[in-house]
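Written out below as structure tokens is the structure these notes cover.
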Amino acid sequence: VRIGILGGTGKEGQGLALRWASQGVEVLLGSRDPAKAERIAEKLNIESGWKAVRGMENREVAAEADAVVSALPASGHREALNGLVEELRDKLLIVATVVWPPRLAERPSAAEEVQDIVSDTTQVVAAFQTVSALSLRALDKEVDDDVLVLGDCTEARQLAVNLIRRAGLRGVEAGPLGHTRIIEAMTRVLIEVNKNYGIRSAGLRITGLENKDCGETDSCLE
Ligand SMILES: NC(=O)c1ccc[n+]([C@@H]2O[C@H](COP(=O)([O-])OP(=O)(O)OC[C@H]3O[C@@H](n4cnc5c(N)ncnc54)[C@H](OP(=O)(O)O)[C@@H]3O)[C@@H](O)[C@H]2O)c1
């Protein structure tokens with residue numbers, strides 16, 4: 001499977017690329033500037049020890065990848081995704097974007113905004129909102145955060161969980177896309193915890209799942 005990351009040159013995008021690449025998964029790293037993407041891809045290949053990352057323009061990423069992660073900032077994601085509706089058709093789109101500062105729960109999350117932009121045949125799920133770039137980048141440590149996956153289609157959520165497992169992380173199906181606003185609001189709590197304890201990578205883990213296989217379903221992307 002080929003994973004594309006829009007805004008992949010940023011902190012979160014690079015962290016995600018490293019996790020997938022270090023498991024040997026092919027990653028297409030997107031940017032508005034292909035030369036910048038190529039430069040950062042090369043750096044990540046050296047860091048991961050795999051030649052799994054290729055840098056290119058966001059449009060090419062959306063067109064070539066089997067599944068796409070949006071790690072674009074909320075300030076530019078609507079405009080960028082408006083221009084990629086065709087390329088994203090029939091694909092899984094995992095949205096990591098958080099509206100910052102998070103809105104109150106009655107306002108739409110970034111993932112819900114994306115759902116309104118893309119075509120009906122693009123399956124949108126939200127994931128990674130609570131997983132810090134710092135945890136993802138520290139390849140010498142396992143990420144013990146769970147990746148909460150929200151979406152309205154069970155199959156899309158399960159596909160995302162499977163792809164997340166391919167990055168060495170545990171994805172947990174956590175409800176419909178509309179609940180992403182709750183998760184965005186939680187990022188505010190995590191930032192307070194970071195401040196209180198002088199850390200930068202507070203995250204979430206769901207207990208009680210010890211005997212459950214998260215995402216052991218067959219995926220048509222694998
Ligand atoms: N950082 C974290 O720990 C973390 C954790 C969870 C979720 N998130 C969420 O993930 C998203 C990305 O976070 P980040 O920290 O990686 O952000 P970032 O480093 O500020 O930005 C990501 C990339 O987006 C591109 N970009 C910037 N402005 C843009 C615009 N107006 N239009 C299109 N592309 C633009 C840039 O790439 P090019 O210049 O190469 O195009 C940039 O490298 C945010 O919504 C954030 O809330 C972040």
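The values are calculated or read from the model by the stated rules, or taken from the named source; none is laboratory data. Just so it is clear, the model here is predicted, and its values are computed rather than measured. Virtual Cβ from ideal backbone geometry, glycine too; neighbours counted across all protein chains shown. For the accessible areas, the whole protein counts, side chains as well, though only heavy atoms, and no ligand, DNA or RNA atoms are used. Shrake-Rupley method; radii C 1.70, N 1.55, O 1.52, S 1.80 Å.
Let me know the Kirkwood hydrodynamic radius for segment 79-187, please, with Cα pairs as the basis and the value in Å to one decimal.
Evaluated on segment 79-187, it is 14.2 Å.
At q = 0.07, 0.10, 0.11 Å⁻¹, what is the log10 ratio I(q)/I(0) for the chain, with the Debye formula run over Cα points and no solvent?
Log-scaled intensity ratios, in q order: -0.18, -0.39, -0.47.
For Lys141 and Glu42, what is the calculated FRET efficiency with R₀ set at 35 Å and r taken between the beta-carbons, to the nearest 0.05?
That pair, Lys141 with Glu42, gives E of 0.90.
I want to verify a result. In a Gaussian network model of the chain, Cα cutoff 10 Å, which of these has the top mean-square fluctuation: Arg19, Arg181, Arg107?
Of Arg19, Arg181, Arg107, the most mobile in the Gaussian network model is Arg107.
So how much accessible area does Arg59 have, in Å² to the nearest 10, using a 1.4 Å probe?
Probe radius 1.4 Å; accessible area of Arg59 about 110 Å².
Amide H of Val124: which non-local residues (sequence gap of 5 or more, or other chain) have their own amide H closer than 5 Å, using H built in the peptide plane?
For Val124, the qualifying residues are Leu93.
Name the lysines eligible as straight-distance cross-link partners of Lys141: C-alpha to C-alpha under 18 Å, and not fewer than 8 places from it in the same chain.
Hits, sequence-local ones excluded: Lys11.
Given the options Glu106, Glu86, Glu60, state which has the largest fluctuation in a GNM of the chain using a 10 Å cut-off (strictly under) for Cα springs.
Glu106
Would you tell me the accessible area of Lys195, worked out with a 1.4 angstrom probe on the heavy atoms of the protein chains, in Å² to the nearest 10?
Probe radius 1.4 Å; accessible area of Lys195 about 140 Å².
State, as an integer percentage, the relative contact order of the chain based on alpha-carbon contacts under 8 Å between residues 6 or more apart.
19 percent
Roll a 1.4 Å probe over the protein chains and send me the accessible area per residue for the chain in Å².
48 Å²
Would you calculate the convex hull of the Cα atoms in segment 1-94 and tell me its volume per residue in Å³?
76 Å³
Which cross-chain or sequence-distant (5 or more) residues have an amide H under 5 Å from the amide H of Val69, H modelled 1.01 Å from N in plane?
Under 5 Å from the amide H of Val69 lie the amide H atoms of Gly4, Ile5, Leu6, Ile94, each far enough along the sequence or on another chain.
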